[in-house]
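Structure first, then comments.
No value in this document is a laboratory result; all are computed from the given coordinates. Because the structure is predicted, anything quoted here is derived from the model rather than measured. Please note: Cβ atoms are built from the backbone with ideal geometry, for glycine as well, and neighbour counts cover all protein chains shown.
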Amino acid sequence: MAESAVSTGLRAYVLIVGMWVRSTMAYRTSFLIMTLGNLLATGLDFVAIALMFTHIGQLGGFTLDEVAFLYGTTSVAFGLADLVLGTMGRLGQRVRDGTMDTLLVRPVPILAQVAADRFALRRLGRIIQGAVLLGWSLSRLDIDWTLDRVLLMPVMLLSGGAIFGALFVLGGAFQFWAKDASEVQNAFTFGGTTLLEYPPTVFGKELLRGVTFVIPLAFVNWLPALHILGRPDPLGLPARIGFAAPLVACGCCAVAGLAWRAGLRAYQSTGS
Amino acid sequence: MRLYAAVAVSGFKRYATYRVATVAGVFTNTVFGFILAYTYTALWDERPHLGGYDLDQALTFVWLGQALLAAVALMGGGFQEELQDRIRSGDIAVDLYRPVDLQSWWLATELGRALFQLLGRGVVPMGIGALVFELRLPASPLTWLWFLLSVVLAVCVGFAVRYLVSLASFWLLDGTGLSMLSGLLCLFFSGMILPLNVFPGQLGEIARALPWAAMLQVPADVFLEERRGAGLLGAFAFQAGWMVVLLAAGRVLQSVATRKVVVQGG
């Protein structure tokens with residue numbers, strides 16, 4: 001039963017996404033421009049970092065290549081979540097203007113509908129940008145590619161995407177209660193990826209503990225990346241802690257799922 | 001004049017209605033303020049006196065940026081989307097009938113909005129920043145006054161730029177791409193991502209001469225008392241100069257645009 005709910009949800013998601021992709025492709029030039037714009041927009045932070053490095057050789061003990069590695073990994077992870085679930089931020093608006101009710105009467109899981117609503121393929125821009133920077137940094141870094149490090153790469157990117165995805169769903173669930181507060185979500189999602197672009201050594205210990213044990217953003221790229229780069233964790237956690245990323249991601253998704261159910265149950269229509 | 005004052009007051013009230021959104025915005029500004037403050041601390045640790053700022057000044061710059069982000073609309077927004085929508089849908093025809101000046105009307109709403117967001121979204125992040133970090137607050141009360149004047153000019157320059165961008169919808173119809181580009185340029189060249197005095201060489205000189213510099217870098221330098229005496233006058237002249245040029249350009253574009261308006265439908 002549970003499995004069939006998941007598969008119908010996924011099927012519906014793919015169908016709705018396909019519809020939005022077809023409608024986007026009707027204006028191909030506009031799509032290309034917007035994707036390029038997305039690519040440039042999300043790369044702007046790295047331009048700022050590169051400008052910083054015109055003055056310095058190291059930031060928090062990390063070189064530009066290493067920072068580019070961190071930047072690339074969090075961009076790809078965040079980009080995956082943003083592509084799949086990025087429109088969750090509009091949920092509050094749906095609750096406010098009453099169009100949420102339309103979704104409720106359809107025989108399709110609500111989460112699939114909300115997540116696929118206005119699916120924006122241009123968000124590939126961020127993933128492409130992150131992947132290019134990641135490739136660039138890998139070509140310049142001298143990494144000791146043991147088997148576990150090779151394995152950790154895809155595990156890190158997918159788990160990171162799942163952790164960010166869980167944050168998007170949590171943020172969406174929160175909007176059932178606080179309809180106008182979609183910006184709070186940005187603090188954790190966009191704020192989170194900005195945080196992870198920089199080396200952990202830059203930040204205070206309290207903040208590091210907070211993003212390791214409370215909101216486990218550190219598992220998106222910091223902890224796995226430190227192992228790949230062969231650097232010690234500033235909090236003194238064991239080197240292989242990065243391998244816990246998939247477990248952490250599963251935990252986050254479970255919490256997000258429960259919050260989503262609770263939010264949906266607490267939903268009250270505006271009645272308009 | 002009284003009419004525009006009333007419009008500005010209603011702009012203020014309109015944004016004051018969204019209380020939860022304001023609190024949410026304050027929260028997000030504060031989180032970003034902390035992240036940037038840490039990274040700037042690392043940067044200034046490596047290179048003390050980078051760009052002529054000491055660490056305290058750099059941290060003050062971070063929190064000023066967060067405090068002014070919404071008021072000066074450094075990421076776009078405000079009236080822009082609404083005006084673009086009115087142009088696309090044709091509602092602009094109704095606005096043109098009204099016995100008021102289109103540009104002054106939108107500027108008035110924008111000033112009201114900016115005042116609310118300066119108070120509602122600026123004061124609290126700045127206060128939290130000042131509690132946690134050692135910020136360089138102006139020694140002289142006069143500096144506060146000059147800073148406010150500089151912020152008003154910054155809001156006007158920001159308005160003028162986005163008014164031009166919005167009017168482009170008369171030709172493009174879908175202004176989303178252009179708005180995005182304009183927002184990007186603003187974030188980058190206002191100093192929001194990195195203070196302009198840290199930009200290297202030629203790029204820095206160009207960036208400091210562009211209108212976006214008037215939107216964050218100049219008010220911040222006034223606040224940090226980097227601009228004093230003749231330098232202060234120069235700062236105001238720079239802001240006022242861009243304001244006049246861009247507002248005038250907006251008027252020219254507006255008259256060209258309205259000449260080609262064809263009202264569709266019944």
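Working note: 222 nm ellipticity from helices only, DSSP H runs with n ≥ 4, each -39,500 (n - 2.57), summed and divided by the residues of chain B, gives -24000 deg cm²/dmol to the nearest 500.
Taking one quarter of the surface of the convex hull spanned by the alpha-carbon atoms of the stretch B:2-259 gives a direction-averaged projected area of 14.3 nm². Rounded to the nearest 20, the Cβ-based charge dipole of the stretch B:2-259 about its Cα centre (Lys and Arg +1, Asp and Glu -1) stands at 720 debye.
Averaged over its residues, how many other protein chain Cβ atoms are within 10 Å of peptide B:175-181's Cβ atoms?
Counting other chains' Cβ atoms within 10 Å and averaging over B:175-181 gives 3.
For chain A, the longest principal axis of the Cα atoms and the long axis of helix A:2-25 meet at an angle of about 90 degrees. The HN-Hα couplings worked out from phi for the stretch B:154-166 by the Karplus form 6.51 cos²θ - 1.76 cosθ + 1.60 (θ = phi - 60°) are 4, 4, 5, 5, x, 4, 4, 5, 6, 5, 4, 4, 5 Hz, whole numbers, x standing for Gly and Pro. For the stretch A:98-105, putting each phi into the Karplus relation 6.51 cos²θ - 1.76 cosθ + 1.60 with θ = phi - 60° gives couplings of x, 6, 4, 4, 4, 5, 5, 7 Hz, in residue order, rounded to whole numbers and with x for Gly and Pro. Each of A:Phe78, A:Met88, A:Asn186 was placed along the dipole of chain A (beta-carbon charges, centred on the mean Cα), and the one lying farthest toward the positive end is A:Met88.
Derived scalar couplings between HN and Hα for the stretch B:242-251 equal 4, 4, 4, 4, 6, 5, 5, 4, x, 5 Hz in order, rounded to whole Hz, by the Karplus curve 6.51 cos²θ - 1.76 cosθ + 1.60 (θ = phi - 60°), x for Gly and Pro.
In terms of packing, defined here as the mean over residues of other Cβ atoms within 10 angstrom, the peptides A:153-166, A:134-147, B:78-91 line up highest first as A:153-166, B:78-91, A:134-147. What the Cβ-Cβ distance of A:Arg11 and A:Leu138 gives, at R0 = 41 Å and to the nearest 0.05, is a FRET efficiency of 0.70.
The mean count of C-beta atoms from other chains within 10 Å of the C-beta of residues in A:192-200, rounded to a whole number, is 3. Of the peptides B:39-48, A:234-243, A:80-89, the order by per-residue mean of other Cβ atoms within 10 Å, starting with the highest, comes out as A:80-89, B:39-48, A:234-243. Using alpha carbons only, how many degrees (0 to 90, rounded to 10) separate the axis of helix B:102-117 from the longest principal axis of chain B? Taking Cα atoms only, the helix is inclined about 40 degrees. When you filter the chymotrypsin sites (Phe, Trp or Tyr not before Pro) in the stretch A:17-92 for DSSP loop state and at most 14 other Cβ atoms inside 10 Å of their Cβ, you are left with A:Tyr27.
Peptide A:203-209 has a mean of 2 when you count, residue by residue, the C-beta atoms of other protein chains within 10 Å of its C-beta.
Amide H contacts of A:Leu59 (H built 1.01 Å from N, in plane; Pro and chain starts excluded): no residue 5 or more places away or on another chain comes under 5 Å. The calculated FRET efficiency for B:Ala237 paired with B:Leu3, based on their beta-carbon distance and R0 = 30 Å, is about 0.50.
In the stretch B:23-154, Cα pairs under 8 Å separated by at least six residues give a relative contact order of 38 percent.
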